[in-house]
Amino acid sequence: MTRRVPIIAVATAPGKAGLGVIRISGTNLTPIATALFQKVLKPREAHLLTLRDASGAAIDQLIAIHFVAPASFTGEDVLELQCHGGPQLLELVMRRCLELAKDDGLVIAEPGEFTLRAYLNDKIDLAQAEAIADLIEAQSEAAVRGAARSLQGTFSNDVNDLIEEITQLRILVESTLDFPEEEIEFLENAQARERLNRVSDRLSALREGAKQGKILRDGIQVVLAGAPNVGKSSLLNRLAGEEVAIVTPIAGTTRDRVKESINLDGVPMHVIDTAGLRETDDVVESKGIERSWDAIRLADLVIFLKDFNAKDSPEAATEETLRKEILRALPPKCEVLEVINKSDLLSKVDSPPPEGSLLISAKTGSGIADLNRKILGAAGWGGSQEGAIISRRRHLNCLDGAADHIEKAQKFAANGNISLDLFAEELRLAQDQLGQITGKLLPDDLLGKIFSQFCIGK
Ligand SMILES: Nc1nc2c(ncn2[C@@H]2O[C@H](COP(=O)(O)OP(=O)(O)OP(=O)(O)O)[C@@H](O)[C@H]2O)c(=O)[nH]1
Ligand SMILES: [Mg+2]
């Protein structure tokens, strides 16, 4: 993970474009710049140069900029080559650079290696490094803004402030540990409990923000489930705004999962239409139904769709059984929204649907705006993108872990149950968890795992 050889990679996306950027990073790139262009480049200035092949023929005319360490993205010397953006051309430029700088040890970069070097050289912390990947992958404007805020250090600063508060408290506690008889007095005088409660409140706020941030980054898996013919595929088409799934009056039309990603108020929704759930002897359909159950088991939110027509039919019993089965299959914390479809067929003579039920028509679009709001609410979206940051499951796990230890610390500081050394130990463990977010206290293998998920050139 920490090799020191100079590295090279194309930084821009594959494909044709006006420009294509190649980056080289290494401890001292003056010899490589000289090998490529036969001159020393004045730092941080744009130089219009020609790169030539072994026979002296021009490969490309390009702009080269030499950023001298530590004032660069990676904190090392960086040579940025702004070439013309043809895939074949960039390949040739790369090959020529590797050839000319062979004696300097130039090699192709590993995925994420530029960002890893920036992290190892303290240009950014781990949460900021992750924000770079998230910024590049962001699927909505809100996700871009959230990732940009994290990259600016908003999230890291909040985490660091919290670590600082815990550190102050630890210093106080640990200096008192040798005087057990003063434990109670210490807690009173230092207002330790009050300070701990403040830490706990700030941690809760941070967790809430991170939960929202994870929704912005990863989106929500919404599974449309229900009996055949209730209109699941019609609803998917309505939500997607196009005909992505086949709709027919024949029960058992959908055989396989159909997935469509849509954007609801800036939140990515991955909506999965499934095969209608019923007993069947049809081999293909029953395989499809197995897949429906698999989707339900992995959902963040299940929309249990019903046909209002069916409510008085003998099949209503099946609906109740189906509801129970769905509830049993759900992953923990997954919500179910029960929705009644085909409201356009509801006439005055029909008995009205139960109070508070969510009534829609996939055909006319009636009730869909309300459904969208309910989907966002049920999935835990707080509705505000103001000040949102982007975050990952890794961050949430660390925050949850820290919250656990703070809660235990509160117990050890409670009246009649005071144990300063256990209190101090829980503070230390909470601090460790928070430190993992910014990478201050991260096992090496985890670091490798995080950066290997980046693309080459990042
Ligand atoms: N009147 C009316 N008909 C609807 C509505 N939604 C769906 N339908 C009709 O109901 C029938 C079944 O719709 P689908 O969307 O294929 O139902 P499905 O739940 O996907 O069915 P399977 O794939 O078989 O499980 C079709 O004839 C649709 O046109 C609605 O809101 N109003
Ligand atoms: Mg269908």
Q. Excluding ligands, DNA and RNA, what is the solvent-accessible area per residue of region 7-124 at a probe of 1.4 Å, expressed in Å²?
A. 48
Q) How far apart, in nm, are the 7 Å Cα→Cβ label points at LYS324 and THR50? A) 8.3
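Arrange the residues THR2, THR321 by how much accessible surface each exposes, largest first, with a 1.4 angstrom probe. Can you show the working numbers first?
Numbers: THR2 95, THR321 75 Å².
Heavy-atom accessible area, descending, gives THR2, THR321.
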Q | Stretchable slack from THR167 to LYS333, in nm (0.36 nm times residue separation minus alpha-carbon distance) | A | 56.4 nm
Q | Cut-off 13 Å between beta-carbons: net charge of the residues surrounding LYS458, Lys and Arg +1, Asp and Glu -1 | A | -3
Q: Could you work out the relative contact order of region 1-107, using alpha carbon pairs under 8 angstrom and six or more residues apart, expressed as a whole percent?
A: 33
**Q.** Carbon plus sulfur fraction of accessible area for the chain, probe 1.4 Å, in percent
**A.** 51
Q: Determine the distance separating the Cα centre of region 327-397 from the Cα centre of region 1-64; give it in Å without decimals.
A: 53
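Count the DSSP beta bridges whose two residues both fall in the chain, then state the antiparallel fraction as a percent rounded to the nearest 5.
Numbers: 31 of 52 bridges.
The answer is about 60 percent antiparallel.
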Q | Only Lys, Arg (+1) and Asp, Glu (-1) charged, at Cβ; the chain dipole about Cα centre in debye | A | 1480
Q. So how tilted is helix 192-218 from the main axis of the chain? Cα-based, degrees 0 to 90, rounded to 10.
A. 80
Q) Using a 1.4 Å probe, how large is the accessible area of PHE304, given in Å² and rounded to the nearest 10? A) 0
Q) With Cβ to Cβ distances under 10 Å as the rule, what net charge do the other residues near ALA11 carry (K, R +1; D, E -1)? A) +1
Q | Principal axis box of region 7-124, alpha-carbon based, largest edge first, Å | A | 41, 31, 26
(Q) With a cut-off of 8 Å between alpha carbons and a minimum separation of six or more residues, what is the relative contact order of the chain in percent? (A) 17
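Under 25 °C and 0.890 mPa s, how fast does the chain diffuse according to Stokes-Einstein, given a Kirkwood radius computed over C-alpha pairs? Answer in µm²/s, whole number.
On the way: Rh = 26.4 Å.
Estimated via Stokes-Einstein, D reaches 93 µm²/s.
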Q: Can you find, among THR74, PRO352, ASN121, the residue farthest towards the positive end of the dipole of the chain? Put +1 on the C-beta of Lys and Arg, -1 on that of Asp and Glu.
A: THR74
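Quickly estimate the mean residue ellipticity at 222 nm for the chain, helices only: each DSSP H run with n ≥ 4 gives -39500 (n - 2.57), and the total goes over all residues, rounded to 500.
-14500 deg cm²/dmol
Net charge near THR50: determine it from the other residues with C-beta under 15 Å of the C-beta of THR50, scoring Lys and Arg +1 and Asp and Glu -1. Don't skip to the answer; put the middle values down first.
On the way: positive: LYS39, ARG52, ARG96; negative: ASP53, ASP60.
Cβ neighbours under 15 Å give a net charge of +1.
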Q. Under 26 Å from the Cα of LYS102, which lysines turn up, not counting those fewer than eight places away in the same chain?
A. LYS39, LYS42, LYS458
Q | 5 angstrom amide H check on ILE303, placed H, neighbours 5+ away | A | VAL223, LEU224, ALA225, LEU337
Q. Tell me, what ³J(HN,Hα) does each residue in region 87-104 have, in order and in whole Hz, if you take phi through Karplus 6.51 cos²θ - 1.76 cosθ + 1.60 with θ = phi - 60° and put x for Gly and Pro?
A. x, 5, 4, 5, 4, 5, 4, 4, 4, 5, 4, 4, 5, 5, 10, 4, 5, 8
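ASP370 to SER419: extension gain in nm, 0.36 nm per residue of separation minus the Cα-Cα distance? Please report the intermediate quantities before stating the final value.
Working: separation 49, 0.36 × 49 = 17.64 nm, distance 5.20 nm.
That pair, ASP370 and SER419, stretches by 12.4 nm at full extension.
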Q. So which GluC sites (Glu not before Pro) in region 246-288 end up in coil per DSSP with only 16 or fewer other C-beta atoms within 10 Å?
A. GLU279
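Starting from the residue with the highest accessible area, list LYS123, LYS102, LYS214 in decreasing order, probe 1.4 Å. All intermediate terms of the calculation are to be shown ahead of the outcome.
Values: LYS123 90, LYS102 150, LYS214 40 Å².
Listed by decreasing accessible area, they come as LYS102, LYS123, LYS214.
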Q: Return the whole-Å distance between the Cα centroid of region 418-458 and the Cα centroid of region 226-251.
A: 45
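How much length is gained on full extension from VAL68 to THR34, taking 0.36 nm per residue of separation minus their Cα-Cα distance?
Values: separation 34, 0.36 × 34 = 12.24 nm, distance 1.42 nm.
Extra length from VAL68 to THR34 when fully extended: 10.8 nm.
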(Q) With angles folded into 0 to 90 degrees, how steeply does helix 393-412 sit against the dominant principal axis of the chain? Use alpha carbons for both and round to 10. (A) 80
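Is there a quick way to get the dipole size of region 42-183? I mean about its Cα centre, with the Cβ of Lys and Arg at +1 and of Asp and Glu at -1; what is the value in debye to the nearest 20?
Details: 11 positive and 27 negative charges, 257 e Å.
Roughly 1240 debye for region 42-183.
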Q) What angle, in degrees between 0 and 90 and rounded to the nearest 10, separates the Cα long axis of helix 420-438 from the longest principal axis of the Cα atoms of the chain? A) 80
Q. Setting aside same-chain residues fewer than 8 positions from LYS333, which aspartates and glutamates have a Cα under 13 Å from its Cα?
A. ASP300
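The values are calculated or read from the model by the stated rules, or taken from the named source; none is laboratory data. In this text the structure is predicted, and so the values were computed from the model without any measurement. Please note: Cβ atoms are built from the backbone with ideal geometry, for glycine as well, and neighbour counts cover all protein chains shown. Each accessible area value is taken on the protein alone, full model and side chains, heavy atoms only, with ligands, DNA and RNA left out. Shrake-Rupley method; radii C 1.70, N 1.55, O 1.52, S 1.80 Å.
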